[in-house]
Amino acid sequence: MVNKKEEIVELANNLRWEVGGNFHDSLMESIYKEAGDIVKKTVRKKDEKHAFGFDKKLDKIVTNKWTGFPIMFILLAIVFWITVQGSNYPSQLLSSLLVGDLYETLKGFSHSLAIPQWIDGLLIDGGYLAMAWVISVMLPPMAIFFPLFTLLEDFGYLPRVAFNMDSLFRKAGAHGKQALTMSMGFGCNAAGVIATRVIDSPRERLIAIITNNFSLCNGRWPTQILIATIFIGGLVPANLAGIISAGAVVGVAVLGVVLSLITSWGLSKTVLKGEASTFNLELPPYRPPRVLQTLYTSLIDRTLIVLWRAIVFAFPAGLVIWSVANIHIDGISLADYFINWIDPFAILIGLNGIILLAYVIAIPANEIVIPTILMLTVVHFGLHGVGAGAGVMFQTDSLSATKQLLEAGGWTVLTGVNLMLFSLLHNPCSTTIYTIYEETKSIKWTALSTFLPIVMGIVLCFLVAQIWQLF
Amino acid sequence: MNPQTALLIFGMGMLLVMFLFYPEKGIYYRWKKAILSTERVLIEDALKHLYDCEYRKVNCTLQSIAGNLEISSDKAAKLVQRLESLRLITSENSNLFLTPDGRSYALRVIRVHRLWEKFLADETSVPEIDWHTQAELKEHKLTPAQANALAAKIGNPVIDPHGDPIPTSEGNLPEHVGVLLTTLKTNDVAIITHIEDEPKTIYSQIIALGLHPGMQIRVIENSQTRIVFDAEGDEKILAPSFAANITVELIRDEEEIQKEFNTLSNLKPGEKAEVIRISNALRGQQRRRLMDLGVVPGTIISAEMVNPSGDLIAYRIKDAVIALRKNQTDHIFVKNIEDND
C-alpha cells in the first residue's frame, strides 16, 4: 500500500516535467473555450451596432484630440465652482451653530455647574472646539464635492478622463486613473487615498497613494487663499490684488500637480521599481447616473467615513492644543518652550517657530492650522485685545485684523510665501496617514508618504528663504 | 547665519548623503554587500559550482573554485578543506567531486535560487538583468520550509524564467534535453528553452535583443562567424560565442509552427483580429490579467478608439471596452480577419 502511494507520487512528479511550465495557461484557455461554446449555443444577442451607437458618438467627442481636454477641464472647473459656492453658506451656518451658539451654551452650562476651569478649558475650549471647527469647515465641501464626483463616475465619464490623461501619467511611471485619484485629492486626501482602490496594479496604486498629498486638499485651499490675499495681493495695486493672489493660489496647486508627477516618476524608478505592475483600463458603457443611490453611497462611503476619522483625531488634538498653551513649567508655557527651541531652525527655512508648532499640533486637520497659528501668536507675544484666551482657537473678523496680528508676529512676505509652500508640502493630516496605513497595511509606505513631503517642503522652503535673502 | 554659508552647508550635506546612499556605489550599499560573504555563503557557492561542473560533465578543481567565487587560492584551499571535513566533497588527483550529501545540499540551494528567480519574474517588476544577482543573495537565506512555502505560493513552478528546471523538494531534476542554438541548420525551427544567465555581460546583450525562453525562432543563416535567425518576426544576429549560451528544442511537427507574427499593436481602429497567443515575454501578473480579461487564443478583438495623444488604444474584448498600452499589445500575436458585418 505504502509502495503504491510512493509510486504514484513519483509518477506525478515526473509527469510535471513533461507538462511544462505553461499548463496553467492551457487550463485557462480550455475553460474560456468551453464557456465560449456554451454562450454560442445558448445566448442570443440584440443588434450590436444599434446598442453601441450612442456610446460611440459620445466617446468620439470626449476623447477627441481637440474637444477631449477642454471638456475635461470645464467639467472639473464646474465641480469646483459648485463646491466652493455651495459650501459657503452651510459652512457659515454650521460654524455659527457649532463654534458659536453651541460653544457658548456649553461654556455657560459648565459655568453654572461650577466645573473647575482647567477641565472646562481642556474639554470645551480644547477638544470640543477643535472638533466643531473641523466639522464645520470640512463637512459642507465634502458633502457637495464627493456626490458630484461620484455622479460623473457613475455616468461613466471618469474612465474616459483616465483614458485621455494616460499618456502623461505613463511617462511618469503611473496609471491614467491617477488623474482621478489626484482630482479626488483636491477634495480630500484621505478620500483620494481610498479612491486609489480603482487602480488594480500594485506599483501604480502605491505611487498614487504616496503622491496624493501633493493635491492641495479642501483643508488647505482656505489657508492658501487667506495668505495669498494678505501677502501677495498686498504687493500689487488694489485693482490687481484679486487676480494676482488667485493666480498665486492656482500656481501653488499647479506646482503640487507637477511635483506629484515628478515624485511619481522618481518613485517608479527607485523604491517602487520592483513592485509588480500591470495595466488595463476598462471603459464601461455610459448609463444614466443613479442619483439617489450615488448620494447615499458617497455620503456613507466617502464623506462620513472621512469625517468620522477626522473627528476621532480632532478631539485629542484639541486637548493637546489647549494644553500646550496652558500648562506652564517655571512660568513658561509648553508652547513657548517649543517655539523658542525650534525658532532658529524655523527662521532658517523662512518660517517661524509658531508655524512649525501649529503644524505639529494641528496634525488632525489642515483646517485648524490657521486658527492655531493665530491663537499661538497672541499667546506667545502676549498681545492684548485680540483672541479668545490661551488655548482657544479663533478667527479674526476681518482680513486687515489678521494681517495686523500676523505682522505683529513678525511675518514678512517671505513668511507668507513659504507658508504657502509648506502648506502644500508637509505631512498629510493624521486622518490621511491613518487611511494610508489602512489601505497599504505597511508601516514602510505610510512612513514614506508622511516624511517624503516634509523633507521636500523643508528643502524647498530653505532654498527659497536663502535665495530670497541673497537679493 | 548668512545665506551663502547656509546654502554652502546645505550643498555639502547633500553631497554627503549622495556619497553614503548612492545606489550600488554608496558606502551603505557596499557595506551591505560586504557583510554578506560569510562562510556559509562561500560553502554554498562552492557546492553550487561543483554541481554545475557535474551537470555539464567537466572537471572541477581548486583553481576553478577560486576563479568562480572570486577568492584567493589560499582562501579556496581552506574552503576545500572545510568542505572535506564536512564530508560534502571528496577529492581525487586534484579533481573535486560532490558526495551524495553535498549534492543534495547543492540542489537545495539551487532550488531556492531558481524559485526566487521565478518569483521575481512573475510577481515583481524587477528587471531581468537583476534576477540572478538578487537570487544569489536570497538562496543563502531561505530555509527548505520557507522555500516550499514560496513554491506553493507561486503555483509550484517546474521551470525557472531562464528555462532551467527547478529541483523538486526531494532534489530531483529531469534529464538535460535540448541542443545549442549553434548546432541548428538553415530553416530549422525551434523554441528557445534556456538562456544561460552567466556571464552577466553576455546575458545582458542577449536579453537586450528581446530574446526569452518560449520564443520561436527560424534559422536563416548559420556560419562560422555569425548566426542569423528570425525570432517571432524580427531578424536577430548573434556571434557563435553568444549563441552558445542559448539552448533550443527543435519543432518537428509542422502544425505547431507559428507562421504569422502580426501583433495586436498593429491593429488600426475599426479592424478586427483573432488572438493566436500571448508571447512569453509577458509573464506573471501581466499575463494573468490579460487572460482574465479574455485575451486567450481564439478571442476576437477589435480596436475601438485612440486617446487624444494617440498612444493608448481601447479594444473591444468579449463585449467590454478595455484600453491596453503598447508595451502589452506588442506581445499579443493576432491574425487579422475580415469584418463580415
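The values are calculated or read from the model by the stated rules, or taken from the named source; none is laboratory data. What you see is a predicted model, and the numbers here were worked out from it, not measured in a lab. For neighbour counting, all protein chains shown are included, and Cβ atoms are generated from backbone atoms with ideal geometry for every residue, glycine included. Accessible surface is based on the protein model in full, side chains and every heavy atom, while ligands, DNA and RNA are left aside. Shrake-Rupley method; radii C 1.70, N 1.55, O 1.52, S 1.80 Å.
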Here are A:247, A:242, A:256: which of them is surrounded by fewer than 16 Cβ atoms within 10 Å (Cβ to Cβ), modelled with pLDDT of 90 or more and in contact with a helix residue (DSSP H, G or I) (Cβ under 9 Å, 6 or more places away or on another chain)?
-> A:247
Of the residues B:29, B:51, B:22, which single one is within 14 Å of another protein chain (Cβ to nearest Cβ), farther than 30 Å from residue A:461 by Cα and either open to solvent by 40 Å² or more (accessible area, probe 1.4 Å) or under 24 Å from the mean Cα position of the chain (by Cα) (or both)?
-> B:29
Name, by its number, the condition in (1) under 29 Å from residue B:197 (Cα atoms); (2) more than 10 Å from every other protein chain (Cβ to nearest Cβ); (3) at pLDDT below 90; (4) open to solvent by 70 Å² or more (accessible area, probe 1.4 Å) that does not hold for residue B:288.
-> (2)
Scan (1) modelled with pLDDT of 90 or more; (2) open to solvent by 50 Å² or more (accessible area, probe 1.4 Å); (3) away from chain B (no Cβ under 14 Å) for the single condition residue A:282 breaks and write down its number.
-> (3)
Kindly list the number of the only condition in (1) farther than 30 Å from residue A:409 by Cα; (2) in contact with a His (Cβ under 9 Å, 6 or more places away or on another chain) that fails for residue A:213.
-> (1)
For region A:201-215, state whether one or more residues are away from every other protein chain (no Cβ under 14 Å), open to solvent by 20 Å² or more (accessible area, probe 1.4 Å), of a type in the set (S, T, N, Q) and in a loop (DSSP other than H, G, I, E, B).
-> no
Any hit, region A:354-363, residues being within 14 Å of chain B (Cβ to nearest Cβ), in contact (Cβ under 8 Å) with a residue 40 or more places away in the chain, more than 30 Å from residue A:154 (Cα to Cα) and open to solvent by 20 Å² or more (accessible area, probe 1.4 Å) | no
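To keep it simple, each residue is scored yes or no on (1) open to solvent by less than 10 Å² (accessible area, probe 1.4 Å); (2) within 14 Å of chain B (Cβ to nearest Cβ); (3) among the hydrophobic types (A, V, I, L, M, F, W, C).
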residue: A:137; (1), (2), (3): no, no, yes
residue: A:150; (1), (2), (3): no, no, no
residue: A:156; (1), (2), (3): yes, yes, no
residue: A:185; (1), (2), (3): yes, no, no
Output for region A:249-285, where each listed residue is closer than 19 Å to residue A:163 by Cα and among the β-branched types (Val, Ile, Thr) | A:257, A:278
Residue in region B:225-239 that is farthest from residue B:182 (Cα to Cα), counting only those that are over 20 Å from the mean Cα position of the chain (by Cα) and charged (D, E, K, R) | B:234
Residues (part of a strand (DSSP E or B), away from chain A (no Cβ under 13 Å) and open to solvent by 30 Å² or more (accessible area, probe 1.4 Å)) located in region B:152-198 | B:179, B:180
Counting just the residues of region B:293-311 that are facing another protein chain (nearest Cβ under 7 Å) and under 15 Å from residue B:267 (Cα atoms), which one comes out most open to solvent (accessible area, probe 1.4 Å)?
-> B:311
Taking region A:440-471 and keeping only residues that are among the β-branched types (Val, Ile, Thr) and within 14 Å of chain B (Cβ to nearest Cβ), one is left with A:455, A:458, A:459, A:464, A:467
Identify, by number, the condition in (1) modelled with pLDDT under 80; (2) not in a helix (DSSP H, G or I) that residue A:18 doesn't meet.
-> (2)
Scan of region A:24-36 for residues that are within 26 Å of residue B:177 (Cβ to Cβ), more than 9 Å from every other protein chain (Cβ to nearest Cβ) and not polar (S, T, N, Q), ordered by number = A:27
Could you please find all residues in region B:110-150 being surrounded by 23 or more Cβ atoms within 10 Å (Cβ to Cβ) and β-branched (Val, Ile, Thr)?
-> B:110, B:112
When region A:417-465 is examined, which residues are found to be over 19 Å from residue A:372 (Cβ atoms) and polar (S, T, N, Q)?
-> A:435, A:440, A:442, A:446, A:449, A:450
